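Colleague: This is the structure I have questions about; it appears just below.
The values are calculated or read from the model by the stated rules, or taken from the named source; none is laboratory data. Nothing here was measured: the structure is a model prediction, and the numbers come from that model. Counting neighbours? That spans all protein chains shown, and the Cβs are built from the backbone with ideal geometry, glycine included. For the accessible areas, the whole protein counts, side chains as well, though only heavy atoms, and no ligand, DNA or RNA atoms are used. Shrake-Rupley method; radii C 1.70, N 1.55, O 1.52, S 1.80 Å.
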Amino acid sequence: MIKITDIEKYYRTEEVQTVALNKLSFHIKEGEFVAVMGPSGCGKSTLLNILGLLDDPDGGSFLFDGIEVAHFNERKRANLRKHNIGFVFQSFNLIDELTVFENVELPLIYIGVKAADRKKRVEEVLEKMQIMHRRNHFPQQLSGGQQQRVAVARAVVNNPKLILADEPTGNLDSSNGNEVMQLLTELNDQGTTIIMVTHSEHDAKYSHRIIRMLDGQKVTEDILMQQG
């Protein structure tokens, strides 16, 4: 599903060039759950931005479902992103002025789903995430765990092929964190490919394999379990 080869990314100022990704290569099969780990500054967030088509690399190849997307323009990237990728962030990134229902509905509006279909799909995913009883609440009225459930619902409402999770339990206590990891595991069991950046060895153990990074490169890879 994803194959990156010799991906490079640099950040330049007038005086210095920083290497964020240094000829990084790996592939991820459809239906895998992969954790990416490494110290702060090793390139994990840069990698996630490239995989999420929020940024483009300075060099190398990025195949998404067999299509070379490394140098798509912003319009092409946005179109591929909104139909194929869901995002879950550490800080939830919910819109405070919108209700739970409206936050989850937003990706469907972006891709032009009709109102009746939107209502059905949002209600289905809210039921699945066990947050339907909060549909008319605003984010500030929810606990951290409930907000992350809403964020996961928003990420999956358009049935993306890929979910990118950036420290999804970083702002949660252990109980709520375990609930979110269980949600991601269930989504993966249903066929969704998941790539998760995390500092938590505990969370990483939910994945099939762990890619460990240092200085913009893959240094080791741990196989935790085989699918099947």
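Colleague: Just to confirm my numbers, what's the Cα centroid distance between the range 172-226 and the range 43-120 in Å?
Modeller: After rounding, the separation between the Cα centres reads 20 Å.
Colleague: Right, here's the next one. Over the chain, what relative contact order in percent results from Cα pairs under 8 Å that are six or more residues apart?
Modeller: 29
Colleague: Okay, next question. If eta is 1.306 mPa s and T is 10 °C, what Stokes-Einstein diffusion coefficient results for the range 6-79, Kirkwood Rh from Cα pairs, in µm²/s?
Modeller: After rounding, the answer is 119 µm²/s.
Colleague: Where the accessible area of the chain is counted over protein heavy atoms with a 1.4 Å probe, how much of it, in %, is carbon and sulfur? It would help to have the intermediate numbers written out before the result.
Modeller: Working: 5240 of 11090 Å².
So the carbon and sulfur contribution to the accessible surface is 47 percent.
Colleague: Going through the cross-link list Lys120/Lys161; Lys161/Lys218; Lys3/Lys114; Lys128/Lys218; Lys44/Lys119, which pairs have a Cα-Cα distance over 31 Å in this structure?
Modeller: Lys3/Lys114; Lys128/Lys218; Lys44/Lys119
Colleague: While we're looking at this one, here's another question. Quick check on the chain: helices-only [θ] at 222 nm, where DSSP H runs of length 4 and up contribute -39,500 (n - 2.57) each and the sum goes over total residues. Nearest 500, please.
Modeller: -10000 deg cm²/dmol
Colleague: Need one number: % antiparallel among DSSP beta bridges in the chain, to the nearest 5.
Modeller: Working: 21 of 39 bridges.
Taking every DSSP beta bridge with both residues in the chain, the antiparallel ones total about 55 percent.
Colleague: Sorted by average packing, counted as other Cβ atoms within 10 angstrom per residue and highest first, what order do 6-15, 113-122 take?
Modeller: Result, highest mean Cβ count within 10 Å first: 113-122, 6-15.
Colleague: For the range 203-215, take each phi angle, set θ = phi - 60°, evaluate the Karplus expression 6.51 cos²θ - 1.76 cosθ + 1.60, and give the result in whole Hz per residue in order, putting x for glycine and proline.
Modeller: 5, 4, 5, 6, 7, 7, 7, 10, 9, 9, 10, 8, 6
Colleague: Give the residue from Asn73, Gly31, Tyr11 lying farthest towards the positive end of the charge dipole for the range 1-89; charges sit on Cβ (+1 for Lys and Arg, -1 for Asp and Glu) and the dipole is referred to the Cα centre.
Modeller: Gly31
Colleague: Gain in length, Glu102 to Glu14, computed as 0.36 nm per residue apart minus the alpha-carbon separation, to one decimal in nm?
Modeller: Stretched out fully, the Glu102 to Glu14 stretch lengthens by 27.4 nm.
Colleague: Count charges around Phe72 for me, please; just the other residues with Cβ under 12 Å from its Cβ, Lys/Arg as +1, Asp/Glu as -1.
Modeller: Overall, the nearby charge balance is 0.
Colleague: Tell me which residues come under 5 Å, amide H to amide H, from Tyr10 once H is placed; ignore anything under 5 positions away on its chain.
Modeller: Ala20, Asp58
Colleague: So, one more: Just to check I understand the Karplus step: with θ = phi - 60° and J = 6.51 cos²θ - 1.76 cosθ + 1.60, what whole-Hz values come out for the range 133-141, glycine and proline as x?
Modeller: Once rounded to whole Hz, the list reads 5, 10, 4, 9, 7, 9, x, 5, 8.
Colleague: Given a 1.4 Å probe, how much area per residue of the chain is accessible, in Å²?
Modeller: Accessible area per residue, the chain: 49 Å².
Colleague: Please give the charge dipole size of the chain, origin at the Cα centre, charges +1 on K and R Cβ atoms and -1 on D and E Cβ atoms. Round to the nearest 20 debye. Mind showing how you got there, number by number?
Modeller: Working: 26 positive and 31 negative charges, 133 e Å.
Charge dipole, the chain, about its Cα centre: 640 debye, nearest 20.
Colleague: Going 7 Å from the Cα of Leu54 along its beta-carbon direction, which residues of the range 169-194 have the amide nitrogen within less than 20 Å of the resulting point?
Modeller: Only 169-172, 181, 184, 193-194 fall inside the zone, counting backbone N under 20 Å.
Colleague: Can you compute 3J(HN,Hα) from phi for each residue in the range 108-114, using the Karplus curve 6.51 cos²θ - 1.76 cosθ + 1.60 with θ = phi - 60°, rounded to whole Hz and x for Gly and Pro?
Modeller: After applying 6.51 cos²θ - 1.76 cosθ + 1.60, I find 6, 5, 4, 9, x, 6, 5 Hz.
Colleague: For the chain, what ratio Rg/Rh do Cα atoms give with a Kirkwood hydrodynamic radius?
Modeller: Checking Rg against Rh, the ratio lands at 0.97.
Colleague: I've got another one for you. Calculate, in nm to one decimal, what Ile67 and His199 gain on full extension: separation in residues at 0.36 nm each, minus their alpha carbon distance.
Modeller: Gain in length upon complete extension: 44.4 nm.
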